[in-house]
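To start, the structure itself, in structure tokens.
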Protein chains: 2
Amino acid sequence: MSNKFKPYRVPTDGDFRLRAIDPNDIPFSEGSEDVDQGNLEAMAKELDKLQNKLHAEGRRKVLLVLQGMDTSGKDGTIRWVFSRTSPLGVRVYAFKAPGEIELSHDYLWRCHAVVPAAGQLMVWNRSHYEDVLVPVVEKWIDRAEAQRRYRQINDFERLLVETGTTVIKCMLHIGQDEQRQRLQERIDEPDKNWKFSRGDLEVRKKWSAYQQAYERALAHTSTEHAPWHVIPSNNKLHRNLMVARLLIKTLKRMDLSFPPADPALKGLVVE
Amino acid sequence: MSNKFKPYRVPTDGDFRLRAIDPNDIPFSEGSEDVDQGNLEAMAKELDKLQNKLHAEGRRKVLLVLQGMDTSGKDGTIRWVFSRTSPLGVRVYAFKAPGEIELSHDYLWRCHAVVPAAGQLMVWNRSHYEDVLVPVVEKWIDRAEAQRRYRQINDFERLLVETGTTVIKCMLHIGQDEQRQRLQERIDEPDKNWKFSRGDLEVRKKWSAYQQAYERALAHTSTEHAPWHVIPSNNKLHRNLMVARLLIKTLKRMDLSFPPADPALKGLVVE
């Protein structure tokens, strides 16, 4: 099971080619949509159980970082992977373009403010990685500054890991033609117009530059303490399956358990 | 349908007796646990649809305030009412005993920081109402200060309502004996020990004082803009049903809809 992830785990030695990963891959599919759907449902329920233990234990933290081009399915992943968990323990923070106050601080300031607390599973819909994507593509920062940021990000994530957070980073990887279809759908279906922004077309024009910026960022920030996984995401159901399975695998490895019974409570009677 | 809520809606004229409401009531039950469970499941799905529209509309906000004595079921309500919604749009904030920084501000400061943003449905697990319960029971504040706080709370909530927030306030009402059983369960079942705190027994000893503090707070802060409902909660399934139904009724009245199609997008082709 576990080695199925290997081709999609970004190596920590910097030797990584994003284009070597086919966004059409479906390694975690069992070949039937019904079976896959059933598996996803079962995993969503298992995640609920694991998240309950994380909450009960109240000691460790989990951070799931979701990155990907427009329409890559960040929202959909959250909706379906967490379709069975309670909002009590699963939180989502969606990063937008930074505002004036945010820009007056270092770029990790707003991220640090929303890291998960003890017992929480936090999902970041976009993240600090936007600050090594947009500025790189737009050439607002030079190569040296990008390198500095990769290191700062690695240091920041090491702090989180060393203070009890498990960090899971997923890049939802879609193809350029798949994005074209999904954007077109948002234009053609009136009920989806609200999801579309003309800015998305400007970003799309820079597809190659973004793919390259992603490749560099992932190559430099996939570490032993916080590795990146690339999730082939042209197939939405597969994308959900793979993220759910990665999350379950990671949570299981944490060996979560309910806090031990308190022997001092034995025999206590409530009046 | 709607008048079934009436006996549980706290009047705005201050004439309210909490003990007049029986925590064993089950007005929203259809008499069969299976049917009730099916209805709850259907409502959880309907809530998901409504919350989606709230999110898509991206303009208005919803705040659900949950208050109640220990073991009254605030966590359980959140778990089951929102069992089908995505964490994308539903957030939970659990208020704990205030820390040093929080105490160095006015008591509404930390609340204002976590009000829902446009398109969000926020659930407060406990709230600013703790500041007119504990201090009143412990006599840290006198009658005049309590009255001042009721007014401040009404003013604060009016601001929220006037700036686009729908405020729904529910007190989960359990009986003293029901609480005894639930606390005993937390003591007797080792897996539930972690939910139990000895402090809960101290609070339980002041049951009558808390009931009185609740009665006064609800009587003074049930307003036309932000009314209180008392939810009979000895029966957990009924409690969930009633909160879900109240939420659905309120969201439906907001007449939510997907943003209109953008005519300027017609014929646009993605390259």
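Among the conditions (1) farther than 26 Å from A:Ala56 by Cβ; (2) away from chain A (no Cβ under 14 Å); (3) part of a helix (DSSP H, G or I), B:Glu130 misses just one, which is (1). Looking at the structure I just gave you, is B:Leu108 among the hydrophobic types (A, V, I, L, M, F, W, C), modelled with pLDDT under 95 and under 13 Å from B:Ile153 (Cβ atoms)? Taking the combined requirement at face value, the residue satisfies it. Looking across the stretch A:72-126, the residues that are in a loop (DSSP other than H, G, I, E, B), more than 10 Å from chain B (Cβ to nearest Cβ) and within 30 Å of A:Asp22 (Cβ to Cβ) come down to A:Ser72, A:Gly73, A:Phe95, A:Arg126. Only a single item in (1) open to solvent by less than 10 Å² (accessible area, probe 1.4 Å); (2) part of a helix (DSSP H, G or I) is not met by B:Cys170, and it is number (2).
Residue by residue, here is whether (1) in contact with a Cys (Cβ under 8 Å, 6 or more places away or on another chain); (2) closer than 18 Å to B:Val167 by Cα; (3) open to solvent by 50 Å² or more (accessible area, probe 1.4 Å); (4) among the β-branched types (Val, Ile, Thr) holds:
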site: B:Asp34; (1), (2), (3), (4): no, no, yes, no
site: B:Asn39; (1), (2), (3), (4): no, no, no, no
site: B:Ala44; (1), (2), (3), (4): no, no, no, no
site: B:Gly58; (1), (2), (3), (4): no, yes, no, no
site: B:Leu64; (1), (2), (3), (4): yes, yes, no, no
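Conditions tested, residue by residue: (1) in contact with a Phe, Trp or Tyr (Cβ under 7 Å, 6 or more places away or on another chain); (2) closer than 20 Å to A:Pro87 by Cβ.
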{"site": "B:Leu103", "(1), (2)": "no, no"}
{"site": "B:Gln120", "(1), (2)": "no, yes"}
{"site": "B:Tyr129", "(1), (2)": "no, no"}
{"site": "B:Val132", "(1), (2)": "yes, no"}
{"site": "B:Arg151", "(1), (2)": "no, no"}
{"site": "B:Phe156", "(1), (2)": "no, no"}
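Please go through the stretch A:25-44 and give me each residue that is over 19 Å from the mean Cα position of the chain (by Cα), closer than 22 Å to A:Ser72 by Cβ and assigned to a loop (DSSP other than H, G, I, E, B), ordered by number. Across the stretch A:25-44, the qualifying residue is only A:Ser29.
Residues that are within 29 Å of B:Leu265 (Cβ to Cβ) and either modelled with pLDDT under 95 or under 17 Å from the mean Cα position of the chain (by Cα) (or both) do occur in the stretch A:214-225. Checked against (1) away from every other protein chain (no Cβ under 13 Å); (2) crowded, with 17+ Cβ neighbours inside 10 Å, B:Asp155 passes all but condition (2).
In the condition set (1) modelled with pLDDT under 95; (2) open to solvent by 70 Å² or more (accessible area, probe 1.4 Å); (3) touching a Lys or Arg at 6+ places or on another chain (Cβ under 7 Å), A:Asn3 is compliant with all but (3).
Restricting attention to the stretch B:11-32 and to residues that are among the charged types (D, E, K, R) and touching a residue at least 12 places away in the same chain (Cβ under 8 Å), the residue that is most open to solvent (accessible area, probe 1.4 Å) turns out to be B:Arg19. Residues of the stretch A:67-93 that are modelled with pLDDT of 95 or more and of a type in the set (Gly, Ala, Ser): A:Gly68, A:Ser72, A:Gly73, A:Gly76. The set of residues in the stretch A:172-197 being more than 23 Å from the chain's Cα centre (by Cα) and more than 9 Å from chain B (Cβ to nearest Cβ) consists of A:Glu185 alone. For residues that are touching a residue at least 60 places away in the same chain (Cβ under 8 Å) and under 25 Å from B:Val114 (Cβ atoms), scanning just the stretch A:66-76, find the one that is least open to solvent (accessible area, probe 1.4 Å). Restricting to residues being touching a residue at least 60 places away in the same chain (Cβ under 8 Å) and under 25 Å from B:Val114 (Cβ atoms), the top hit is A:Leu66. Just one of the listed residues (A:Val115, A:Val81) is under 25 Å from B:Leu121 (Cα atoms), of a type outside the set (D, E, K, R) and crowded, with 20+ Cβ neighbours inside 10 Å, and it is A:Val81.
The values are calculated or read from the model by the stated rules, or taken from the named source; none is laboratory data. All values derive from a computational prediction rather than experimental measurement. Glycine gets a Cβ as well: all are built from the backbone with ideal geometry, and neighbour counts include every protein chain shown. Please note that ligands, DNA and RNA were not included when accessible areas were found on the heavy atoms of the full protein model with its side chains. Shrake-Rupley method; radii C 1.70, N 1.55, O 1.52, S 1.80 Å.
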